[in-house]
Amino acid sequence: MRFAVRALSVGVAGVVLVSGAPIAQATTNSDTIVLFMHRAERQVVDLGETGPSIGDIAFAWGSVSKAPTSKSVGTYTFRGLTVRTDIPGGVEDRDVLLQYTLSGGTLLIQQVIHVSLGVTPVRTDAYAIIGGTGDFSGARGSAKVKAVTPSEYKVTFTFESNR
C-alpha cells in the first residue's frame with residue numbers, strides 16, 4: 001500500500017468540506033497534521049488488585065479540533081492497558097491505542113507509555129502511526145501527543161512519504 005502526500009491532502013480536503021476549514025496547515029507540500037483532543041469521558045476498569053495493577057484498562061473518548069477552542073472536526077477513542085507496575089518511582093507502563101475518526105477515514109496510533117501510577121499522562125510521548133482507513137489507508141509515520149491540560153492533548157501527526 002502506498003500513502004502519498006496527495007492522499008493526505010485528499011483527506012484534509014474531505015475534512016474541509018465538513019468543517020469549513022482544514023484540520024491543519026497541511027497542503028500537498030506538507031506531511032504534518034496537528035489536532036487537539038478534548039476528553040469527554042474516561043473510565044478505568046480495575047481488574048487486578050485494588051489500585052493500579054497489571055490488567056487494568058482505561059477507556060476514554062472525546063472530540064478533536066484543529067485548534068484548542070475551535071469547532072470539532074472528528075472524534076477519538078483511547079484504550080490503555082496497564083502492562084507493568086513495578087517500575088521504581090511509582091511508574092507504570094500502559095499499552096495505548098488511539099483511534100481518530102475524521103471525515104476522510106480513521107487514523108490509528110499505538111505506543112507503550114510510562115506514566116505515574118493511576119494518573120493521566122502529563123509529558124509528551126511519541127507514538128507509531130500504525131495505519132488507517134479511507135484517505136489514510138496505509139498511513140505510516142509518528143505522532144507526538146502532548147498534554148495541554150489534564151483532559152486536553154495536542155497531537156502532531158508526521159507522515160512518512162513514499163519516495
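Read-outs: derived from the displayed coordinates by stated rules, not from any lab. The model shown is predicted, which means the values in this text are computed figures rather than measured ones. No Cβ is skipped: glycine too gets one built from the backbone with ideal geometry, and neighbour counts run over all protein chains shown.
Numerical summary
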read-out: Calculated FRET efficiency for the pair GLU49/SER142, C-beta based, R₀ 35 Å, to 0.05; value: 0.55
read-out: Inter-centroid distance (Cα atoms) of region 117-158 relative to region 45-93, Å; value: 12 Å
read-out: Where a label projected 7 Å from the Cα of ARG42 along Cα→Cβ would reach, residues of region 64-81 with amide N under 18 Å; value: 64-65, 76-81
